[in-house]
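What follows is a short report on a single structure.
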Amino acid sequence: MAESFTFCSLLAFLLLLSVHLADVKSRISISRSSSPEELLGFLNMQEKLSHLHFYFHDLVSGPNPTAVRVAEAAMTNRSPTGFGLVAMVDDLLTEGPEPTSKLVGRAQGIYASADMDQLGLLMVLNFAFMEGKYNGSSLSMLGRNAALSGVREMPIVGGSGLFRFARGYAKAKTHTFDVRSGDAVVEYDVYVFHY
């Protein structure tokens, strides 16, 4: 009797295992029959290159700063580069260099002084667009900003909305910098591939 119970249990187990494996196999073959383009929804879409031009207004002074210090190291104020400083930003992006120029979006994220020898910032920003064709879309920038260089290049590592799967680079050039207040206006040219 015990032998027939063991045999029946083994037979039931093997039957369940084969049904499970058949189910797994059918799922695998379904996912393999779809290309990544089909699964991600851009099968018939062409990749394009877009160029965006705007001005970044970094205000650290006055009654309504758009960049505020949120952390610093014990040595930050003694460091010639401000090493250890971390700032949270919600900077305006405009069509022209004037603060009254048409608003096209905001730069939101952080920058941090990450170099002990020269002014080098770690930039972690989302460019959130609020106007025109790209309204509601964003680009993500992550890279090193050698702020005292004439032209800096930083990678664009992703995006959302019309910028899904974005990749490219941003070129930044200081338009104006007020030594006393620390406020700056930076011109950006951004080149991105996207679908």
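The values are calculated or read from the model by the stated rules, or taken from the named source; none is laboratory data. Note that the structure is a prediction, hence the values are computed from the model and not measured. Quick reminder, even Gly has a Cβ in these numbers, built from the backbone with ideal geometry, and neighbours come from all protein chains shown.
Going by the conditions given, is Lys171 among the basic types (Lys, Arg), in contact with an Asp or Glu (Cβ under 6 Å, 6 or more places away or on another chain) and either crowded, with 19+ Cβ neighbours inside 10 Å or over 19 Å from Thr66 (Cβ atoms) (or both)? So Lys171 fits the description; yes.
Determine whether Met130 is closer than 19 Å to Ser50 by Cα, at pLDDT 95 or above and more than 16 Å from the chain's Cα centre (by Cα). Yes. For Ala71, indicate whether it is in the same structural domain as Thr176 (by TED's automatic domain parsing), of a type in the set (Gly, Ala, Ser) and surrounded by fewer than 16 Cβ atoms within 10 Å (Cβ to Cβ). Yes.
One residue stands out in the stretch 125-140 among those that are surrounded by 16 or more Cβ atoms within 10 Å (Cβ to Cβ) and touching a Phe, Trp or Tyr at 6+ places or on another chain (Cβ under 7 Å): the one that is farthest from Asp189 (Cα to Cα), namely Ser137. Scan the stretch 47-66 for residues that are closer than 16 Å to Asp183 by Cα and either touching a helix residue (DSSP H, G or I) at 6+ places or on another chain (Cβ under 7 Å) or touching a residue at least 40 places away in the same chain (Cβ under 8 Å) (or both) and the total you get is 8. For the stretch 67-118, a residue qualifies if it is free of Cβ contacts under 8 Å to residues at least 40 places away in the same chain, among the polar types (S, T, N, Q) and either more than 25 Å from Ser140 (Cα to Cα) or assigned to a loop (DSSP other than H, G, I, E, B) (or both), and the qualifying residues are Thr76, Asn77, Ser79, Thr81, Thr100, Gln118. I'm told Glu153 meets every condition in (1) free of Cβ contacts under 8 Å to residues at least 24 places away in the same chain; (2) not in a strand (DSSP E or B) except one. Can you identify the failing condition by its number? For Glu153, the exception is condition (2).
Residues are listed down the side, and each one gets a yes or a no for (1) farther than 29 Å from Tyr195 by Cα; (2) small (Gly, Ala, Ser); (3) not assigned by TED's automatic domain parsing to the domain that holds Pro155:
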| residue | (1), (2), (3) |
| --- | --- |
| Pro97 | yes, no, no |
| Ser113 | yes, yes, no |
| Asp117 | yes, no, no |
| Val124 | no, no, no |
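Of all residues in the stretch 89-106, none satisfies being buried (at least 19 other Cβ atoms within 10 Å of the Cβ) and modelled with pLDDT under 95. Considering each residue of the stretch 134-141 in turn, at least one proves to be assigned to a loop (DSSP other than H, G, I, E, B) and touching a helix residue (DSSP H, G or I) at 6+ places or on another chain (Cβ under 8 Å). Is at least one residue of the stretch 164-183 modelled with pLDDT of 95 or more, under 19 Å from the mean Cα position of the chain (by Cα), in the same structural domain as His53 (by TED's automatic domain parsing) and not in a strand (DSSP E or B)? Yes, the stretch 164-183 contains at least one residue that is modelled with pLDDT of 95 or more, under 19 Å from the mean Cα position of the chain (by Cα), in the same structural domain as His53 (by TED's automatic domain parsing) and not in a strand (DSSP E or B).
Going through the stretch 142-159 one residue at a time, which ones are of a type in the set (A, V, I, L, M) and closer than 15 Å to Tyr111 by Cβ? Within the stretch 142-159, Leu142, Ala146, Ala147, Leu148, Met154 meet the criteria.
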